[in-house]
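Novice: I'd like to ask you about the structure that follows.
The values are calculated or read from the model by the stated rules, or taken from the named source; none is laboratory data. Everything quoted here is computed from the prediction, not taken from an experiment. Heads up, the Cβs are rebuilt from the backbone with ideal geometry, glycines too, and the neighbour counts pull from every protein chain shown.
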Amino acid sequence: MTDNNNIQLQQNQSTIDGTQEDRKNRPDISVVIPMYNEEKNIAPLFARLFPVLSSLEETWEVVCVNDGSGDSTLEVLLSNRAARPGLVVVDLARNFGQHAAVMAGFAHSRGKWVITMDADLQNPPEEIPNIIKSFRQGHDLVGTVRINRQDTAFRKTASRITNRIITRVSGIDLKDFGCMLRGYSREVVNGILQNPEYRTFIPALATFFAHNPVEIPVRHEDRAAGESKYSLLKLFSLQLDLMTGFSMWPLRILFFVGTGLAITGILLAVLLVVLRIVLGAGWAAEGVFTLFAALFFFIGGQFFALGLLGEYIGRIFQAVRKRPTFLVGKIYS
Ligand code: UDP
Ligand code: MG
């Protein structure tokens, strides 16, 4: 390991463990909320979240990460600081995406237990005490299953497929990886933070560090204001992150499909030769189209394969550059 890496690790460690003084003042719970253009949701969110937290026995902090919003999210957050002690605002240098923003929140959270949630009130803050109950029972990762999920049929189907893939790959049988209202123990958070992967999917990564995970049902509501930040393209990119980040299966499937195509190709060639001999040259002229069809089929397969390989290579490239997952502009605490 190079000196540079050592220094970086030490720095990571000091943000994770904090100073002696810092450790004494640690809250029990950190609530981490990524925010991207959520100016209209902050007031209704805080109006429900802070009373819930105040009713707890535990001490707490709320770490809001402004993920390079183009609206007044940062201003609204900062204007809340005076009236809301315990609110920490982390302002990222630009938009890095939801999972990177959560990582930034993790890095600046100090709680023994960390709870993540969305800013749009799709995750009701009233469910937080249930997550804490699971922590008290000794669980170190509290997953959640959305009951009455308020999303489009397309999103639900996509999630179902995703969940099945992660379950297969990670071997940990959680039903719903998509809901961001989740709880992580400090040990799990530290484990996640030591994986500065350029692109990641936190609920899936967390399962690798948990010894005693549990899943509890939580309610799910409609987005309070604004639009979902996930376009079809972003969703697709997230699925690719998940697939390539946690599984080598696509590469293996590629191998099998490639082998299958090659065998089919050989059989088809033999068939064409036989037909040519049996039916004569007259048939062969019409057979041109059969050949074309076969050709396109194989070319298509090859492009698909190349694309998938490219996807992995692109990610390897990003990983070896060791770019930071997020860059903090300023911290207001
Ligand atoms: N978010 C973020 N950065 C982004 C996109 C989203 O911090 O680039 C936040 C967003 O503000 C919200 C959460 O991530 O708090 C979930 O986003 P959204 O509600 O758009 O996702 P959906 O509910 O449609 O999955
Ligand atoms: Mg949402």
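Novice: Quick one: in region 73-108, which of the residues that are of a type in the set (D, E, K, R) and in contact (Cβ under 8 Å) with a residue 60 or more places away in the chain is nearest to ligand 1 (Cβ to nearest atom)? Spell out how you get there, then give the answer.
Specialist: Step one: filter region 73-108 for residues of a type in the set (D, E, K, R), giving 75, 81, 84, 91, 94.
Among the residues that remain, those that are also in contact (Cβ under 8 Å) with a residue 60 or more places away in the chain are: 81, 91, 94.
On the way: R81: 19, D91: 12, R94: 10 Å.
My answer is R94.
Novice: Still on this structure, please answer the following. Could you count how many residues in region 211-233 are modelled with pLDDT under 90, under 18 Å from the mean Cα position of the chain (by Cα) and either within 16 Å of ligand 2 (Cβ to nearest atom) or crowded, with 17+ Cβ neighbours inside 10 Å (or both)?
Specialist: 5
Listed here are the residues, each with its yes/no results for (1) at pLDDT 90 or above; (2) under 21 Å from I202 (Cα atoms); (3) within 22 Å of the chain's Cα centre (by Cα).
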position	(1), (2), (3)
K24	no, no, no
S30	yes, yes, yes
A43	yes, no, no
L49	yes, no, no
V52	yes, no, no
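Novice: Still on this structure: Name the residues in region 179-236 that are of a type in the set (A, V, I, L, M), within 13 Å of V102 (Cα to Cα) and in contact with a helix residue (DSSP H, G or I) (Cβ under 7 Å, 6 or more places away or on another chain), would you?
Specialist: First, pick out the residues of region 179-236 that are of a type in the set (A, V, I, L, M): 180-181, 188-189, 192-193, 202, 204-206, 210, 214, 216, 218, 224-225, 232-233, 235.
Checking the rest, the ones that are also within 13 Å of V102 (Cα to Cα) come to 180-181, 189, 192-193, 202, 205-206.
Across region 179-236, the qualifying residues are L181, V189, I192, L193, I202, L205, A206.
Novice: Same structure, new question: Note down all Cβ pairs under 9 Å where the first residue falls in region 37-60 and is on the phi > 0 side of the Ramachandran plot, the second is within 14 Å of ligand 1 (Cβ to nearest atom), and they're at least six residues apart or on different chains.
Specialist: These pairs meet every condition: N37/D67; N37/S69; N37/G70; N37/D71; N37/T73; N37/G226; N37/E227; N37/K229.
Novice: Next question, about the same structure. Hey, could you check region 135-148 for residues that are surrounded by 19 or more Cβ atoms within 10 Å (Cβ to Cβ) and aliphatic (A, V, I, L, M) and say which is farthest from ligand 2 (Cβ to nearest atom)? First the steps, then the outcome.
Specialist: Filtering region 135-148 down to residues surrounded by 19 or more Cβ atoms within 10 Å (Cβ to Cβ) leaves 135, 139-144, 146.
Of the ones still in play, those that are also aliphatic (A, V, I, L, M) are 141-142.
On the way: L141: 22, V142: 19 Å.
Applying the filter and picking the extreme gives L141.
Listed here are the residues, each with its yes/no results for (1) of a type in the set (D, E, K, R); (2) within 14 Å of ligand 2 (Cβ to nearest atom); (3) touching a residue at least 24 places away in the same chain (Cβ under 8 Å).
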| site | (1), (2), (3) |
| --- | --- |
| R110 | yes, no, yes |
| M117 | no, yes, yes |
| P129 | no, no, yes |
| S159 | no, yes, no |
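Novice: Moving to a separate point now. So, of the residues in region 135-154 that are assigned to a helix (DSSP H, G or I) and more than 24 Å from I192 (Cα to Cα), which turns out to be modelled with the lowest pLDDT?
Specialist: Our first condition is that a residue be assigned to a helix (DSSP H, G or I); within region 135-154, this holds for 135-136, 153-154.
So of that shortlist, the ones also more than 24 Å from I192 (Cα to Cα) come out as 153-154.
Working: A153: 86, F154: 83.
Among residues in region 135-154 that are assigned to a helix (DSSP H, G or I) and more than 24 Å from I192 (Cα to Cα), the one modelled with the lowest pLDDT is F154.
Novice: Quick check on this structure: which one of V288, V278, V273 is surrounded by fewer than 14 Cβ atoms within 10 Å (Cβ to Cβ), aliphatic (A, V, I, L, M) and modelled with pLDDT under 80? Don't jump to the end; show me each part of the working.
Specialist: Numbers: V278 fails: modelled with pLDDT under 80; V273 fails: modelled with pLDDT under 80.
Within the list V288, V278, V273, the selection yields V288.
Novice: Taking helices (runs of 4 or more DSSP H) that do not extend beyond region 32-134, which have at least 2 residues that are loosely packed, with under 15 Cβ neighbours inside 10 Å and of a type outside the set (F, W, Y)?
Specialist: Those helices (runs of 4 or more DSSP H) span 39-54, 73-80.
Novice: Do any residues in region 205-232 that are within 21 Å of Y36 (Cβ to Cβ) and away from ligand 1 (no atom under 14 Å from the Cβ) have Cβ atoms under 9 Å from those of residues that are aromatic (F, W, Y) and not in a loop (DSSP other than H, G, I, E, B), where the two are at least six apart or on different chains, and which pairs are they?
Specialist: L205/F246
Novice: Filter region 123-146 for residues that are more than 17 Å from the chain's Cα centre (by Cα) and within 16 Å of ligand 1 (Cβ to nearest atom) and give the result. Spell out the reasoning first.
Specialist: Of all residues in region 123-146, those more than 17 Å from the chain's Cα centre (by Cα) come to 124-140.
Result: P124, P125, E127, I128.
Novice: For region 291-309, give me each residue that is at pLDDT 80 or above, surrounded by 12 or more Cβ atoms within 10 Å (Cβ to Cβ) and small (G, A, S).
Specialist: G301, A305
Novice: Collect the residues in region 310-331 that are of a type in the set (A, V, I, L, M) and surrounded by 14 or more Cβ atoms within 10 Å (Cβ to Cβ), keeping them in residue-number order. Walk me through how you get there before you give the answer.
Specialist: The initial filter retains those residues of region 310-331 that are of a type in the set (A, V, I, L, M), namely 313, 316, 319-320, 327-328, 331.
Once the filter is applied, which keeps residues that are of a type in the set (A, V, I, L, M) and surrounded by 14 or more Cβ atoms within 10 Å (Cβ to Cβ), region 310-331 yields A319, V328.
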